[in-house]
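Working notes, structure below.
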Amino acid sequence: MVIMEGRCKMGKLFKNTHFVFSSMLVLVTIVGGNCFASTDGNAEYWQSIGLDFNMGEDWKITVREELRVGRSGDDPYLHNTDVGLVYKGLADWLDVSLNFKKEFERDSTGKFRRENRPHLNLMFKGELYGCKLGDRLRLEFRDKEKTEDIWRLRNKFTINLPFTLTEFDLQPYISDEIFINLGESTVKQNRFVAGLSFMLSENVKTNVYYMYKSSMSSSSGWIDTNVVGTSVVFVF
């Protein structure tokens, strides 16, 4: 019985894994024509892997590693590591986290430039007409290697739709995030995301998404970028 149960779990994990890559291929097929024909911006792929360590009911440590490919070729142009401490004990509708991100981004000369980015997050949670809502307010300090330091405010609003899809309980969601440099009155970047999140196994959270990113350039105005992304988080 134990062997049969183990085989069933492995079979389900294999089917879920296969579905992840199938979903990703569908997303690439749907948006691929627009992505790779884009003359405004670029097509990119963002990959993230993470660890969540729950410490009792109120505390959690998060670790995220991200890699971005695209922009001007197939080589990675950005990678970062983010470590955070989350406190969930203030209220059912509010989580607070303090994080530090170390990021390296390739500049126009091809050299990777360092950025240190501490950030504070307020994550509000609620529900409306069966839709789970999230509103994350982030204040971050960007200590950049070769350019001026910047304080930046980010606000991300997320809606989880009130249903799931297929036997794998795929959770459709949409989100929109704006970026504003403090001291300036205009939005510098906007990210609209549509995706599917689901549990690959009991302790593995997975996310597949498409992002339409618009960024303000001082020389070229608004530049649009199509992004296909995946993320996997292991929960302990």
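Annotation note: of Ser217, Ser201, Ser231, the sole residue that is under 20 Å from Leu78 (Cα atoms) and out of contact with any Ser or Thr (no Cβ under 8 Å at 6 or more places or on another chain) is Ser217. I'd like to know if region 69-78 contains one or more residues that are under 25 Å from Phe236 (Cβ atoms) and in a strand (DSSP E or B). Scanning region 69-78 turns up no residue that is under 25 Å from Phe236 (Cβ atoms) and in a strand (DSSP E or B). Exactly one residue among Asp82, Asp143 is over 24 Å from Thr225 (Cα atoms) and either touching a residue at least 60 places away in the same chain (Cβ under 8 Å) or of a type outside the set (S, T, N, Q) (or both), and that residue is Asp143. Apart from one condition, Gln189 fits all of (1) touching a strand residue (DSSP E or B) at 6+ places or on another chain (Cβ under 6 Å); (2) in contact (Cβ under 8 Å) with a residue 60 or more places away in the chain; (3) not hydrophobic (A, V, I, L, M, F, W, C); the exception is (2).
Among the residues making up region 95-111, those that are modelled with pLDDT of 95 or more and either over 22 Å from Gly50 (Cα atoms) or exposed (fewer than 15 other Cβ atoms within 10 Å of the Cβ) (or both) are Leu98, Phe100, Lys102. Taking each residue of region 108-137 that is in contact (Cβ under 8 Å) with a residue 12 or more places away in the chain and looking for partners that are part of a strand (DSSP E or B) and among the small types (Gly, Ala, Ser) with beta-carbon atoms closer than 6 Å, six or more apart or interchain, yields Asn121/Ser97; Lys125/Gly134; Leu133/Gly126. Does any residue of region 35-44 turn out to be outside any loop (DSSP other than H, G, I, E, B), out of contact with any Cys (no Cβ under 8 Å at 6 or more places or on another chain), under 30 Å from Glu167 (Cβ atoms) and modelled with pLDDT under 95? So far as region 35-44 goes, yes, one or more of its residues are outside any loop (DSSP other than H, G, I, E, B), out of contact with any Cys (no Cβ under 8 Å at 6 or more places or on another chain), under 30 Å from Glu167 (Cβ atoms) and modelled with pLDDT under 95. Scanning region 132-149 for residues that are closer than 21 Å to Val83 by Cβ and either touching a Phe, Trp or Tyr at 6+ places or on another chain (Cβ under 6 Å) or surrounded by fewer than 15 Cβ atoms within 10 Å (Cβ to Cβ) (or both) yields a total of 6. In region 132-141 there is no residue matching the filter, namely being within 20 Å of the chain's Cα centre (by Cα), aromatic (Phe, Trp, Tyr), over 20 Å from Asn181 (Cα atoms) and in a strand (DSSP E or B).
Identify, please: which residue in region 121-131 is surrounded by 14 or more Cβ atoms within 10 Å (Cβ to Cβ) and not polar (S, T, N, Q) and is, among those, nearest to the chain's Cα centre (by Cα)? Restricting to residues being surrounded by 14 or more Cβ atoms within 10 Å (Cβ to Cβ) and not polar (S, T, N, Q), the top hit is Met123. Residues that are surrounded by fewer than 16 Cβ atoms within 10 Å (Cβ to Cβ), at pLDDT 95 or above, β-branched (Val, Ile, Thr) and under 20 Å from the mean Cα position of the chain (by Cα) are absent from region 219-228 altogether.
The values are calculated or read from the model by the stated rules, or taken from the named source; none is laboratory data. Computed from a predicted structure; not experimentally measured. All Cβ positions, even for glycine, are placed from backbone atoms using ideal geometry, and neighbour counts span all protein chains on display.
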